[in-house]
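Down below is the structure, laid out as C-alpha coordinates.
The values are calculated or read from the model by the stated rules, or taken from the named source; none is laboratory data. Remember, predicted model here, so these are calculated numbers, not experimental data. Every residue, glycine among them, receives a Cβ derived from its backbone with ideal geometry; neighbour counts consider all protein chains shown. SASA here: full protein model, heavy atoms, side chains in, ligands and nucleic acids out. Shrake-Rupley method; radii C 1.70, N 1.55, O 1.52, S 1.80 Å.
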Amino acid sequence: MSRILILAEHDGSRLNPSTAKCVSCAASFGGEIDVLLLGDSLGEIAAEAAGIEGVGAVITVEAEHLAAPLAVCHAVELVALAESYTHVLGPSTTYGKDVLPRAAALLGVNQISDIMSVEGPYQVKRPVYAGNAIVDVSAPESAKLVGTVRVASWSSAADGGQAEVRSSTPNSQATADTTWLGLESGGSERPDLQTARVVVSGGRALGSQENFELIYQFADQLGAGVGASRAAVDAGYVPNDMQVGQTGKIIAPELYFAIGISGAIQHVTGIKDAGTIVAINKDPDAPIFEIADIGLVGDLFKVLPELQAQFG
Ligand SMILES: Cc1cc2nc3c(=O)[nH]c(=O)nc-3n(C[C@H](O)[C@H](O)[C@H](O)COP(=O)(O)OP(=O)(O)OC[C@H]3O[C@@H](n4cnc5c(N)ncnc54)[C@H](O)[C@@H]3O)c2cc1C
(Lines give C-alpha, C1' and ligand atoms only; values in the text may rest on other atoms or scores of the structure.)
Protein backbone atom coordinates (compact mmCIF):
# COMPACT_ATOMS: atom_id res chain seq x y z
CA MET A 1 0.00 0.00 0.00
CA SER A 2 1.19 3.52 -0.78
CA ARG A 3 2.32 5.78 2.04
CA ILE A 4 2.27 9.38 0.89
CA LEU A 5 3.96 12.38 2.49
CA ILE A 6 2.80 15.84 1.39
CA LEU A 7 4.98 18.88 1.97
CA ALA A 8 2.53 21.65 2.94
CA GLU A 9 3.01 25.30 2.09
CA HIS A 10 2.05 28.11 4.48
CA ASP A 11 2.89 31.76 5.07
CA GLY A 12 3.59 31.52 8.79
CA SER A 13 -0.02 32.09 9.77
CA ARG A 14 -2.29 30.30 7.27
CA LEU A 15 -2.10 27.06 5.36
CA ASN A 16 -1.85 27.55 1.59
CA PRO A 17 -4.96 26.19 -0.22
CA SER A 18 -2.62 24.11 -2.40
CA THR A 19 -2.32 21.60 0.47
CA ALA A 20 -5.95 20.47 0.21
CA LYS A 21 -5.44 20.04 -3.55
CA CYS A 22 -2.33 17.94 -2.98
CA VAL A 23 -4.43 15.77 -0.65
CA SER A 24 -6.93 15.17 -3.48
CA CYS A 25 -4.07 14.12 -5.74
CA ALA A 26 -2.64 11.88 -3.02
CA ALA A 27 -6.05 10.27 -2.47
CA SER A 28 -6.05 9.27 -6.16
CA PHE A 29 -2.85 7.28 -5.56
CA GLY A 30 -4.62 5.59 -2.64
CA GLY A 31 -3.04 4.69 0.68
CA GLU A 32 -2.12 6.58 3.83
CA ILE A 33 -1.61 10.33 3.60
CA ASP A 34 0.47 12.38 6.01
CA VAL A 35 1.19 16.11 5.82
CA LEU A 36 4.52 17.66 6.75
CA LEU A 37 4.69 21.24 8.03
CA LEU A 38 8.03 23.00 8.41
CA GLY A 39 8.38 26.32 10.20
CA ASP A 40 8.20 27.97 13.59
CA SER A 41 5.10 28.16 15.84
CA LEU A 42 2.97 25.93 13.66
CA GLY A 43 0.12 25.21 16.10
CA GLU A 44 -2.78 26.88 14.28
CA ILE A 45 -1.55 25.92 10.83
CA ALA A 46 -1.20 22.31 11.95
CA ALA A 47 -4.80 22.38 13.19
CA GLU A 48 -5.91 23.63 9.75
CA ALA A 49 -4.01 20.81 8.02
CA ALA A 50 -5.42 18.24 10.47
CA GLY A 51 -8.91 19.32 9.44
CA ILE A 52 -8.45 18.22 5.82
CA GLU A 53 -10.38 15.03 5.14
CA GLY A 54 -8.18 12.08 4.23
CA VAL A 55 -5.12 13.19 6.19
CA GLY A 56 -3.91 10.54 8.64
CA ALA A 57 -1.31 12.58 10.51
CA VAL A 58 0.21 16.03 10.46
CA ILE A 59 3.91 16.06 11.29
CA THR A 60 5.37 19.36 12.40
CA VAL A 61 9.06 20.22 12.54
CA GLU A 62 9.56 23.52 14.33
CA ALA A 63 12.74 25.56 14.55
CA GLU A 64 13.59 29.24 14.23
CA HIS A 65 15.70 28.65 11.12
CA LEU A 66 12.80 26.83 9.43
CA ALA A 67 10.51 29.88 9.62
CA ALA A 68 11.91 31.10 6.29
CA PRO A 69 10.99 28.80 3.38
CA LEU A 70 14.59 28.12 2.39
CA ALA A 71 14.87 25.03 0.21
CA VAL A 72 18.37 24.34 1.47
CA CYS A 73 16.94 23.51 4.94
CA HIS A 74 13.41 22.41 4.03
CA ALA A 75 14.62 19.78 1.55
CA VAL A 76 16.83 18.22 4.26
CA GLU A 77 13.83 17.99 6.62
CA LEU A 78 11.65 16.49 3.91
CA VAL A 79 14.24 13.88 3.00
CA ALA A 80 14.84 12.99 6.66
CA LEU A 81 11.16 12.15 7.10
CA ALA A 82 10.61 10.61 3.67
CA GLU A 83 12.24 7.27 4.45
CA SER A 84 9.12 5.31 5.34
CA TYR A 85 7.03 6.77 2.52
CA THR A 86 6.53 5.46 -1.02
CA HIS A 87 5.46 8.84 -2.45
CA VAL A 88 6.55 12.41 -1.64
CA LEU A 89 4.38 15.19 -3.04
CA GLY A 90 4.34 18.98 -2.92
CA PRO A 91 2.48 21.75 -4.72
CA SER A 92 3.73 23.07 -8.07
CA THR A 93 3.94 26.54 -6.55
CA THR A 94 7.14 28.56 -6.27
CA TYR A 95 7.79 26.92 -2.90
CA GLY A 96 7.17 23.37 -4.10
CA LYS A 97 9.20 23.91 -7.25
CA ASP A 98 12.06 25.09 -5.07
CA VAL A 99 12.06 22.34 -2.45
CA LEU A 100 10.90 19.17 -4.26
CA PRO A 101 13.63 18.97 -6.94
CA ARG A 102 16.27 19.45 -4.26
CA ALA A 103 14.69 16.70 -2.17
CA ALA A 104 14.48 14.42 -5.23
CA ALA A 105 18.17 14.95 -5.91
CA LEU A 106 19.05 14.13 -2.30
CA LEU A 107 16.94 10.97 -2.57
CA GLY A 108 18.63 10.05 -5.85
CA VAL A 109 15.43 9.97 -7.93
CA ASN A 110 13.97 12.03 -10.76
CA GLN A 111 11.14 14.36 -9.95
CA ILE A 112 7.83 14.17 -11.84
CA SER A 113 6.56 17.73 -12.35
CA ASP A 114 3.00 19.00 -12.62
CA ILE A 115 1.02 15.81 -11.92
CA MET A 116 -2.41 16.49 -13.43
CA SER A 117 -3.99 13.06 -13.07
CA VAL A 118 -3.18 9.73 -11.47
CA GLU A 119 -3.61 6.55 -13.51
CA GLY A 120 -2.07 4.07 -11.07
CA PRO A 121 0.19 4.00 -8.00
CA TYR A 122 3.22 4.78 -10.19
CA GLN A 123 1.54 6.16 -13.31
CA VAL A 124 0.53 9.76 -13.84
CA LYS A 125 -0.23 12.25 -16.57
CA ARG A 126 1.47 15.63 -16.93
CA PRO A 127 1.32 18.44 -19.49
CA VAL A 128 4.21 19.32 -21.82
CA TYR A 129 4.72 21.89 -24.59
CA ALA A 130 2.74 24.55 -22.72
CA GLY A 131 -0.15 22.16 -22.23
CA ASN A 132 -0.39 21.26 -25.93
CA ALA A 133 0.40 17.62 -25.23
CA ILE A 134 -0.17 15.35 -22.27
CA VAL A 135 2.35 12.62 -21.50
CA ASP A 136 1.85 9.38 -19.58
CA VAL A 137 4.66 8.93 -17.10
CA SER A 138 5.53 5.64 -15.41
CA ALA A 139 7.82 5.81 -12.40
CA PRO A 140 9.82 2.78 -11.21
CA GLU A 141 8.04 1.01 -8.38
CA SER A 142 11.35 0.19 -6.76
CA ALA A 143 12.04 3.86 -5.98
CA LYS A 144 10.26 6.65 -4.17
CA LEU A 145 7.95 8.68 -6.38
CA VAL A 146 8.71 12.37 -5.85
CA GLY A 147 6.43 14.79 -7.64
CA THR A 148 4.89 18.24 -7.76
CA VAL A 149 1.11 18.47 -8.07
CA ARG A 150 -0.37 20.80 -10.69
CA VAL A 151 -2.73 22.44 -8.22
CA ALA A 152 -4.96 23.94 -10.94
CA SER A 153 -5.89 20.40 -12.01
CA TRP A 154 -7.23 19.30 -8.63
CA SER A 155 -10.18 20.32 -6.51
CA SER A 156 -9.63 20.78 -2.80
CA ALA A 157 -10.14 17.85 -0.45
CA ALA A 158 -13.07 18.53 1.87
CA ASP A 159 -12.85 19.76 5.45
CA GLY A 160 -13.91 17.53 8.28
CA GLY A 161 -10.76 15.55 8.98
CA GLN A 162 -9.44 14.89 12.47
CA ALA A 163 -5.84 13.93 11.90
CA GLU A 164 -3.45 13.55 14.80
CA VAL A 165 -0.71 16.18 15.04
CA ARG A 166 2.74 15.06 16.13
CA SER A 167 6.04 16.85 16.21
CA SER A 168 9.42 15.70 15.04
CA THR A 169 12.88 17.06 15.79
CA PRO A 170 14.74 19.11 13.17
CA ASN A 171 17.48 17.47 11.14
CA SER A 172 18.83 20.58 9.44
CA GLN A 173 20.78 23.50 10.81
CA ALA A 174 20.77 27.17 9.96
CA THR A 175 23.22 27.67 7.11
CA ALA A 176 25.38 30.66 6.34
CA ASP A 177 25.44 29.70 2.65
CA THR A 178 21.91 30.90 1.99
CA THR A 179 20.41 33.85 3.80
CA TRP A 180 16.75 34.79 3.86
CA LEU A 181 16.52 38.52 3.22
CA GLY A 182 12.77 38.97 3.34
CA LEU A 183 9.53 38.75 1.46
CA GLU A 184 8.03 41.77 -0.23
CA SER A 185 4.35 41.76 -0.92
CA GLY A 186 2.65 43.86 -3.56
CA GLY A 187 0.46 45.02 -0.70
CA SER A 188 -2.74 44.58 -2.69
CA GLU A 189 -6.02 44.17 -0.83
CA ARG A 190 -7.41 42.18 -3.74
CA PRO A 191 -7.79 38.41 -3.62
CA ASP A 192 -4.66 36.45 -4.43
CA LEU A 193 -4.46 35.74 -8.15
CA GLN A 194 -3.71 32.06 -7.67
CA THR A 195 -6.57 31.32 -5.29
CA ALA A 196 -9.23 33.88 -6.30
CA ARG A 197 -12.61 32.44 -7.39
CA VAL A 198 -12.97 35.22 -9.97
CA VAL A 199 -10.07 36.74 -11.95
CA VAL A 200 -10.15 39.67 -14.36
CA SER A 201 -7.16 39.91 -16.71
CA GLY A 202 -6.19 42.65 -19.14
CA GLY A 203 -3.96 42.52 -22.19
CA ARG A 204 -1.95 44.72 -24.48
CA ALA A 205 -5.17 46.31 -25.77
CA LEU A 206 -5.42 48.37 -22.58
CA GLY A 207 -2.66 50.51 -24.03
CA SER A 208 -1.28 52.06 -20.84
CA GLN A 209 -0.84 51.72 -17.09
CA GLU A 210 -3.51 54.41 -16.62
CA ASN A 211 -6.05 52.56 -18.75
CA PHE A 212 -5.37 49.36 -16.79
CA GLU A 213 -7.28 51.10 -13.96
CA LEU A 214 -10.41 50.00 -15.84
CA ILE A 215 -9.46 46.40 -15.15
CA TYR A 216 -8.82 47.11 -11.45
CA GLN A 217 -12.15 48.93 -11.13
CA PHE A 218 -14.08 46.09 -12.73
CA ALA A 219 -12.23 43.52 -10.60
CA ASP A 220 -13.02 45.47 -7.43
CA GLN A 221 -16.67 45.56 -8.37
CA LEU A 222 -16.63 41.76 -8.56
CA GLY A 223 -14.28 41.19 -5.63
CA ALA A 224 -11.93 39.53 -8.11
CA GLY A 225 -8.18 39.00 -8.38
CA VAL A 226 -6.35 40.74 -11.23
CA GLY A 227 -4.12 39.16 -13.87
CA ALA A 228 -2.52 40.21 -17.13
CA SER A 229 -1.06 38.88 -20.34
CA ARG A 230 2.67 38.89 -20.84
CA ALA A 231 2.32 41.67 -23.42
CA ALA A 232 0.68 43.88 -20.76
CA VAL A 233 3.46 43.01 -18.32
CA ASP A 234 6.24 43.61 -20.87
CA ALA A 235 4.67 46.95 -21.81
CA GLY A 236 4.94 47.99 -18.15
CA TYR A 237 1.21 48.33 -17.48
CA VAL A 238 1.42 45.98 -14.48
CA PRO A 239 4.09 44.16 -12.43
CA ASN A 240 5.21 40.74 -13.63
CA ASP A 241 3.78 38.85 -10.64
CA MET A 242 0.39 39.42 -12.31
CA GLN A 243 1.30 37.49 -15.45
CA VAL A 244 -0.96 34.56 -16.26
CA GLY A 245 0.28 31.78 -18.51
CA GLN A 246 3.11 29.45 -19.32
CA THR A 247 5.79 31.68 -17.84
CA GLY A 248 3.42 33.29 -15.33
CA LYS A 249 0.83 31.83 -13.02
CA ILE A 250 -1.26 28.76 -13.81
CA ILE A 251 -4.69 29.47 -12.34
CA ALA A 252 -8.08 27.79 -12.10
CA PRO A 253 -10.66 30.37 -11.02
CA GLU A 254 -14.38 29.59 -11.30
CA LEU A 255 -14.81 32.65 -13.54
CA TYR A 256 -12.11 34.23 -15.74
CA PHE A 257 -12.40 37.45 -17.75
CA ALA A 258 -9.87 37.88 -20.59
CA ILE A 259 -10.15 41.50 -21.68
CA GLY A 260 -8.22 42.68 -24.73
CA ILE A 261 -6.22 39.45 -24.72
CA SER A 262 -5.67 37.61 -28.01
CA GLY A 263 -5.54 34.09 -26.53
CA ALA A 264 -2.00 33.06 -27.48
CA ILE A 265 -1.30 29.46 -26.49
CA GLN A 266 1.17 30.59 -23.83
CA HIS A 267 -1.60 32.59 -22.14
CA VAL A 268 -4.30 29.97 -22.58
CA THR A 269 -2.16 27.30 -20.95
CA GLY A 270 -2.45 29.27 -17.70
CA ILE A 271 -6.27 29.23 -17.69
CA LYS A 272 -7.08 25.79 -19.14
CA ASP A 273 -8.65 24.67 -15.88
CA ALA A 274 -10.75 27.81 -15.33
CA GLY A 275 -14.48 27.15 -14.94
CA THR A 276 -16.18 29.76 -17.15
CA ILE A 277 -14.10 31.95 -19.47
CA VAL A 278 -15.49 35.28 -20.65
CA ALA A 279 -13.59 37.07 -23.43
CA ILE A 280 -13.91 40.64 -24.67
CA ASN A 281 -12.08 41.32 -27.91
CA LYS A 282 -12.76 43.54 -30.89
CA ASP A 283 -11.45 40.90 -33.33
CA PRO A 284 -14.10 38.19 -33.89
CA ASP A 285 -11.35 35.84 -35.09
CA ALA A 286 -9.21 36.23 -31.97
CA PRO A 287 -8.10 32.75 -30.77
CA ILE A 288 -9.42 33.48 -27.26
CA PHE A 289 -12.94 32.91 -28.61
CA GLU A 290 -12.01 29.29 -29.37
CA ILE A 291 -11.83 28.52 -25.67
CA ALA A 292 -14.20 31.17 -24.27
CA ASP A 293 -17.57 30.06 -22.91
CA ILE A 294 -18.94 33.56 -23.38
CA GLY A 295 -17.53 35.93 -26.00
CA LEU A 296 -18.21 39.63 -26.43
CA VAL A 297 -16.98 41.10 -29.73
CA GLY A 298 -16.43 44.78 -29.24
CA ASP A 299 -14.18 47.60 -28.16
CA LEU A 300 -13.31 47.03 -24.52
CA PHE A 301 -13.38 50.77 -23.85
CA LYS A 302 -17.08 50.73 -24.76
CA VAL A 303 -18.06 47.27 -23.57
CA LEU A 304 -16.39 47.36 -20.16
CA PRO A 305 -18.15 50.51 -18.86
CA GLU A 306 -21.45 49.03 -20.07
CA LEU A 307 -20.69 45.81 -18.22
CA GLN A 308 -19.69 47.77 -15.12
CA ALA A 309 -22.98 49.63 -15.22
CA GLN A 310 -24.82 46.28 -15.29
CA PHE A 311 -22.96 45.12 -12.19
CA GLY A 312 -23.26 48.54 -10.50
C1 LIG B 1 8.27 31.25 -24.38
C2 LIG B 1 7.09 32.18 -24.29
C3 LIG B 1 6.39 32.25 -23.12
C4 LIG B 1 5.27 33.08 -23.01
N5 LIG B 1 4.59 33.13 -21.84
C6 LIG B 1 3.45 33.86 -21.78
C7 LIG B 1 2.66 33.88 -20.59
O8 LIG B 1 2.97 33.26 -19.58
N9 LIG B 1 1.54 34.62 -20.60
C10 LIG B 1 1.12 35.34 -21.68
O11 LIG B 1 0.07 35.99 -21.60
N12 LIG B 1 1.88 35.36 -22.79
C13 LIG B 1 3.03 34.66 -22.86
N14 LIG B 1 3.78 34.71 -23.98
C15 LIG B 1 3.44 35.71 -25.01
C16 LIG B 1 2.31 35.28 -25.91
O17 LIG B 1 2.83 34.54 -27.01
C18 LIG B 1 1.58 36.54 -26.48
O19 LIG B 1 2.51 37.36 -27.12
C20 LIG B 1 0.86 37.35 -25.41
O21 LIG B 1 0.03 36.52 -24.63
C22 LIG B 1 0.01 38.41 -26.11
O23 LIG B 1 -0.59 39.22 -25.16
P24 LIG B 1 -1.95 39.97 -25.53
O25 LIG B 1 -2.95 38.99 -25.95
O26 LIG B 1 -2.26 40.90 -24.41
O27 LIG B 1 -1.51 40.91 -26.76
P28 LIG B 1 -1.83 40.81 -28.30
O29 LIG B 1 -1.44 39.50 -28.87
O30 LIG B 1 -1.27 42.04 -28.92
O31 LIG B 1 -3.43 40.85 -28.36
C32 LIG B 1 -4.17 41.98 -28.03
C33 LIG B 1 -5.62 41.63 -28.33
O34 LIG B 1 -6.43 42.71 -27.97
C35 LIG B 1 -7.43 42.91 -28.97
N36 LIG B 1 -7.77 44.34 -28.92
C37 LIG B 1 -7.03 45.41 -29.33
N38 LIG B 1 -7.68 46.55 -29.05
C39 LIG B 1 -8.85 46.20 -28.46
C40 LIG B 1 -9.94 46.93 -27.93
N41 LIG B 1 -9.94 48.28 -27.92
N42 LIG B 1 -10.97 46.26 -27.41
C43 LIG B 1 -11.01 44.89 -27.40
N44 LIG B 1 -9.99 44.15 -27.88
C45 LIG B 1 -8.92 44.80 -28.39
C46 LIG B 1 -6.76 42.50 -30.26
O47 LIG B 1 -7.75 42.11 -31.20
C48 LIG B 1 -5.90 41.34 -29.81
O49 LIG B 1 -6.58 40.10 -29.93
C50 LIG B 1 4.89 33.89 -24.12
C51 LIG B 1 5.61 33.79 -25.31
C52 LIG B 1 6.69 32.96 -25.41
C53 LIG B 1 7.43 32.87 -26.68
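Below 10 angstrom from the Cβ of Gly56, what's the summed charge of the other residues (Lys, Arg +1; Asp, Glu -1)? Every neighbour counted, the sum reads -2. Determine which lysines satisfy two conditions relative to Lys302: a Cα distance under 16 Å, and not lying fewer than 8 residues away in the same chain. Hits, sequence-local ones excluded: Lys282.
By a 1.4 Å probe calculation restricted to protein chains, Ile291 has an accessible surface near 60 Å², given to the nearest 10. What's the FRET efficiency of Ser117 with Glu254 using the Cβ-Cβ distance as r and R₀ = 22 Å, to the nearest 0.05? The formula returns an efficiency of 0.60 here. At a Cα cut-off below 30 Å, give the lysines reachable from Lys97, other chains included and same-chain residues fewer than 8 away excluded. Lys97 reaches Lys21, Lys125, Lys144, Lys249, Lys272.
Ignoring ligands, DNA and RNA, what percent of the accessible area of the chain is carbon or sulfur (1.4 Å)? Solvent-exposed carbon and sulfur of the chain make up 47 percent of the total.
Accessible surface for segment 198-311, divided over its residues, is 45 Å² per residue with a 1.4 Å probe. Note that segment 198-311, at 25 °C in a medium of 0.890 mPa s, gets a Stokes-Einstein diffusion coefficient of 182 µm²/s from its Kirkwood radius over C-alpha pairs. Beta-bridge orientation, the chain: approximately 20 percent antiparallel, per DSSP, counting only bridges with both partners inside.
When nucleic acids and ligands are ignored and a 1.4 Å probe is applied, Met116 ends up with an accessible area of around 50 Å².
Ranking Ser41, Ala133, Ser168 by how far each Cα lies toward the positive end of the dipole of segment 3-168 (charges on Cβ) leaves Ala133 at the top.
Considering all different alpha carbon pairs of segment 3-168, the Kirkwood hydrodynamic radius works out to 15.5 Å.
According to the square roots a ≥ b ≥ c of the eigenvalues of the Cα gyration tensor, what is the shape class of segment 131-271, taking rounded for a/c under 1.5, prolate for a/b larger than b/c otherwise, and oblate for the remainder? Cα axes put segment 131-271 in the prolate bin.
Accessible surface for Phe212 stands near 0 Å², nearest 10, in the context of the full protein assembly shown (1.4 Å probe).
Work from the charge dipole of the chain (Cβ charges, +1 for Lys and Arg, -1 for Asp and Glu, about the Cα centre) and give the residue of Gly108, Ala8, Thr178 farthest towards its positive end. Farthest towards the positive pole: Gly108. Given the rule -39500 (n - 2.57) for each run of at least 4 DSSP H residues, summed and divided by the residues of the chain, what is its mean residue ellipticity at 222 nm, to the nearest 500 deg cm²/dmol? That comes out to -7500 deg cm²/dmol. For segment 80-171, applying the loop criterion from DSSP together with a ceiling of 11 other beta carbons within 10 Å to the GluC sites (Glu not before Pro) yields Glu83, Glu141. Of all complete DSSP H helices in the chain, those with a Cα span along the helix axis of 15 Å or greater and a mean Kyte-Doolittle hydropathy of 0.0 or more are 18-29, 71-82, 94-107, 300-311. Note on the chain: Rg/Rh from C-alpha atoms, Kirkwood Rh, equals 1.01. So what's the gap between the Cα centers of segment 202-238 and segment 150-185, to the nearest angstrom? Here the two parts' Cα centres lie 32 Å apart.
Can you give the FRET efficiency to the nearest 0.05 for Ser142 and Gln162, using r as the Cβ-Cβ distance and R₀ = 51 Å?
Efficiency computed from Cβ-Cβ geometry: 0.90.
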